[in-house]
Amino acid sequence: MSDMQENKVHPSMDELAIGHQIRDLRRAKRLTLTELSETIGKSVGYISQIERGKSSVTIPVLQDISAALGVQASWFFSGQANAPKEERDFIVRKENRKTLDLSSTGLTEELLSPNLSGSLEFLLTTYQPGAGTGDRPRQRKGEEAGLILQGLLDITINGKTFSLREGDSFSLPDKGEHACVNPGDENLVIAWVITPPNY
């Protein structure tokens with residue numbers, strides 16, 4: 001069966017919007033077309049056509065792409081794909097935020113940027129009490145800054161720990177490592193700006 005003969009995504013979906021989301025997320029993950037094609041077993045040309053909205057993406061292929069990019073297929077069916085075309089590049093309505101639910105780790109992330117194709121990423125992260133970035137510090141690939149909107153944050157930057165509270169902000173250079181943990185008994189909410197996008 002050819003790539004084009006599998007079950008197609010619902011025809012009401014905007015194939016160009018879906019394709020652009022795939023392209024932007026792939027780039028944010030620092031994956032080339034060749035690497036993605038090898039991972040899912042499809043041709044570079046076919047994936048390129050999907051990203052440019054020239055070919056319909058099928059459900060099985062979308063599921064494979066989603067797994068390769070570390071998101072659920074529902075990522076592409078929500079958020080900006082449902083926004084009016086004239087808003088998609090500029091506005092993110094609250095109900096259209098793309099959400100990555102990592103509740104098993106105590107984290108939820110919402111994309112506040114309209115897309116991942118620009119030079120920065122705007123993100124809202126909610127940490128449940130006791131949740132954090134994990135056992136190992138996170139290596140940065142670009143500059144990051146954050147504003148505490150709610151709760152308490154213990155942030156370790158290059159081995160030194162700082163305690164922050166609502167209203168405090170921080171900025172991290174493009175090299176080094178950091179770790180975050182919520183030491184409080186309520187949710188910690190941080191608004192992040194990251195450049196370049198690295199979702």
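The values are calculated or read from the model by the stated rules, or taken from the named source; none is laboratory data. What you see is a predicted model; the values in this text were computed from it and never measured. In this analysis, Cβ positions are derived from the backbone assuming ideal geometry, glycine residues included, and neighbour counts consider all displayed protein chains. Remember, those area values only see protein heavy atoms, side chains included, never the ligands or the DNA or RNA. Shrake-Rupley method; radii C 1.70, N 1.55, O 1.52, S 1.80 Å.
For region 100-116, how many residues meet the condition of being open to solvent by 70 Å² or more (accessible area, probe 1.4 Å) and closer than 26 Å to G19 by Cβ?
Just the residues of region 100-116 that are open to solvent by 70 Å² or more (accessible area, probe 1.4 Å), to begin with: 101, 104-105.
From what is left, the residues that are closer than 26 Å to G19 by Cβ are 101.
The total comes to 1.
What's the number of the condition Q63 fails, among (1) at pLDDT below 90; (2) among the polar types (S, T, N, Q); (3) over 16 Å from the mean Cα position of the chain (by Cα); (4) within 30 Å of D154 (Cβ to Cβ)?
(4)
Step by step: first the residues of region 134-150, then only those that are out of contact with any Ser or Thr (no Cβ under 9 Å at 6 or more places or on another chain) and assigned to a loop (DSSP other than H, G, I, E, B), then the one that is surrounded by the fewest Cβ atoms within 10 Å (Cβ to Cβ). Which residue is that? Don't jump to the end; show me each part of the working.
Initially, region 134-150 is screened for residues out of contact with any Ser or Thr (no Cβ under 9 Å at 6 or more places or on another chain), giving 135-136, 138-141, 149.
Then keep just the ones that are assigned to a loop (DSSP other than H, G, I, E, B); that gives 135-136, 140-141.
Numbers: D135: 6, R136: 8, R140: 17, K141: 14.
Applying the filter and picking the extreme gives D135.
Name the pairs whose Cβ atoms lie under 7 Å apart, with the first residue in region 111-138 and closer than 14 Å to C180 by Cβ, the second open to solvent by 60 Å² or more (accessible area, probe 1.4 Å) and hydroxyl-bearing (S, T, Y), and 6 or more positions between them or separate chains?
Hits for this filter: A131/T105.
Enumerate the pairs (first residue in region 55-78 and under 24 Å from P114 (Cβ atoms); second residue anywhere and surrounded by fewer than 17 Cβ atoms within 10 Å (Cβ to Cβ) and among the acidic types (D, E)) with beta-carbon separation below 9 Å, excluding pairs fewer than 6 apart on the same chain, so at least 6 apart or on different chains.
A68/E35; Q72/D101
Does F122 meet the test of being in a strand (DSSP E or B) and open to solvent by 70 Å² or more (accessible area, probe 1.4 Å)? Spell out the reasoning first.
Details: in a strand (DSSP E or B): yes; open to solvent by 70 Å² or more (accessible area, probe 1.4 Å): yes.
For F122, the condition - in a strand (DSSP E or B) and open to solvent by 70 Å² or more (accessible area, probe 1.4 Å) - is met.
Among the residues of region 155-199, count how many are assigned to a strand (DSSP E or B) and open to solvent by 30 Å² or more (accessible area, probe 1.4 Å).
Of all residues in region 155-199, those assigned to a strand (DSSP E or B) come to 155-157, 160-165, 169-172, 177-181, 188-195.
Applying the additional criterion that residues be open to solvent by 30 Å² or more (accessible area, probe 1.4 Å) yields 156-157, 160-163, 165, 169, 171, 177, 181, 193, 195.
Looking only at that region, the number is 13.
Against the definition (at negative phi and out of contact with any strand residue (DSSP E or B) (no Cβ under 9 Å at 6 or more places or on another chain)), how does L100 come out, yes or no? Step through it out loud before you land on a result.
Details: at negative phi: yes; out of contact with any strand residue (DSSP E or B) (no Cβ under 9 Å at 6 or more places or on another chain): no.
Spelling it out, it is not the case that L100 is at negative phi and out of contact with any strand residue (DSSP E or B) (no Cβ under 9 Å at 6 or more places or on another chain).
Could you tell me whether region 83-99 includes any residue that is under 13 Å from the mean Cα position of the chain (by Cα), surrounded by 18 or more Cβ atoms within 10 Å (Cβ to Cβ), among the small types (G, A, S) and at pLDDT below 90? Full working, then the answer.
Going residue by residue through region 83-99, those that are under 13 Å from the mean Cα position of the chain (by Cα) are 97-99.
The next check asks that each one be surrounded by 18 or more Cβ atoms within 10 Å (Cβ to Cβ); those that pass are 98.
Now restrict to residues that are among the small types (G, A, S): none.
Among the residues of region 83-99, not one is under 13 Å from the mean Cα position of the chain (by Cα), surrounded by 18 or more Cβ atoms within 10 Å (Cβ to Cβ), among the small types (G, A, S) and at pLDDT below 90, which makes the answer no.
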